[in-house]
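In what follows, a single structure is set out as structure tokens and then discussed.
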Amino acid sequence: MIDLEFVINTLSLGSLYALLALGLVLVYGILKLVNFAYGEYLTIAGYAIFLSATALSFPWWATMLVAVIAAMSVSFLTEFAAFRPVRSKSMDAMLVTSFAVSIFLQNLVLIVISPRAKAVPFPAFFSDTVTVGGATVPVRNLLVIGTTLVVLTVLSIVMKKTVLGMAMRAAAGKFETTRLMGVPANTVIAAAFIISGFLAGTAGIFWVGRSASVDPITGSAPLLIAFIATVIGGMHSPVGAVVGGYVYGLLFNVLSITLPASMISYRDAFMFAIVVLFLLFRPEGIVRHGYIEERVG
């Protein structure tokens, strides 16, 4: 049944997926690289909350700040230490590097912390519910909607009104031309990774908050969701990534209420089928910006 509760839940899920997809597309737009280490930035954010809350006894707001800073820092460090040295090589080298970084970060937390899931403490209001227009919804659903609106608004202003933002937009369109015009490539790419880490850290708070636990492969599911959302919305456009995130959330919730109980476990298979249809009939995604079709054979 489609009611206010369904709308709010869909908006909250779509907001979370929009943040995930946008962080993936920002790097892809400049380097044309699907960063498979992106999911691990969310994992790092989850462990940052766990360690700062349990080992350091930080207040809840400080643990959230630490989580975002940790994800941003790891994202920048992976760009500086892993991706930058192979950037002048082939795209295959970049892709393999992203897999290597992903496996390295997974094993790092597995060895340093634990292979088992850890309970992550969250403030009590994360689990509270409120009544909005007769619908009972979790407070964290409203928080993720509000946070996403603020983040998207600020990011839009940064990209359109600041020199760095305009340089990133230009680089996403014609990277080599932008470099020839004197824009420092390292600065633009590092900024894209830092913003991507910020989005991953912000989304990671709400992703981990849904189960209040984190383990070494926590980032695998959100990485897959981000990739699917960008395919639906369009991998060549930040706007497309956001649109794809909300469309994914809508389709996911529609399937949840329309599929019979015996088929709910196959919901992900239906989502993959939808992605295949998009690839067949609209490979550029919903938003076509910057898409160039290339046929082989």
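The values are calculated or read from the model by the stated rules, or taken from the named source; none is laboratory data. These numbers were taken from a predicted model, which means no experiment stands behind them. Reconstructed Cβ throughout: ideal geometry from the backbone, glycine too, with neighbour counts over all protein chains shown.
Residue-level check: of (1) among the aliphatic types (A, V, I, L, M); (2) within 24 Å of Asp3 (Cβ to Cβ); (3) surrounded by fewer than 16 Cβ atoms within 10 Å (Cβ to Cβ), Ile157 misses just (2). Please determine, by comparing only the residues of region 209-246 that are in contact with a Ser or Thr (Cβ under 7 Å, 6 or more places away or on another chain) and β-branched (Val, Ile, Thr), which one is farthest from Phe126 (Cα to Cα). Per the stated criteria, the residue is Thr218. All conditions but one from (1) out of contact with any helix residue (DSSP H, G or I) (no Cβ under 7 Å at 6 or more places or on another chain); (2) within 15 Å of Leu26 (Cα to Cα); (3) modelled with pLDDT under 90 apply to Leu180; the one that does not is (2).
Test Ser265 against the stated conditions and say whether it is at pLDDT below 85, assigned to a helix (DSSP H, G or I) and either more than 26 Å from Ile2 (Cβ to Cβ) or out of contact with any helix residue (DSSP H, G or I) (no Cβ under 6 Å at 6 or more places or on another chain) (or both). It is true that Ser265 is at pLDDT below 85, assigned to a helix (DSSP H, G or I) and either more than 26 Å from Ile2 (Cβ to Cβ) or out of contact with any helix residue (DSSP H, G or I) (no Cβ under 6 Å at 6 or more places or on another chain) (or both).
Among the residues in region 231-242, are any hydroxyl-bearing (Ser, Thr, Tyr) and over 18 Å from the mean Cα position of the chain (by Cα)? Within region 231-242, none of the residues are hydroxyl-bearing (Ser, Thr, Tyr) and over 18 Å from the mean Cα position of the chain (by Cα). Before we move on, is Val214 surrounded by 20 or more Cβ atoms within 10 Å (Cβ to Cβ) and either at pLDDT below 85 or touching a strand residue (DSSP E or B) at 6+ places or on another chain (Cβ under 8 Å) (or both)? In short, yes.
Check region 166-181 and report whether any residue there is out of contact with any Pro (no Cβ under 6 Å at 6 or more places or on another chain), among the β-branched types (Val, Ile, Thr) and exposed (fewer than 15 other Cβ atoms within 10 Å of the Cβ). Yes, because at least one residue in region 166-181 is out of contact with any Pro (no Cβ under 6 Å at 6 or more places or on another chain), among the β-branched types (Val, Ile, Thr) and exposed (fewer than 15 other Cβ atoms within 10 Å of the Cβ). Please work out if Phe36 is farther than 19 Å from Ala241 by Cβ, of a type in the set (Phe, Trp, Tyr) and in contact (Cβ under 8 Å) with a residue 40 or more places away in the chain. Spelling it out, it is not the case that Phe36 is farther than 19 Å from Ala241 by Cβ, of a type in the set (Phe, Trp, Tyr) and in contact (Cβ under 8 Å) with a residue 40 or more places away in the chain.
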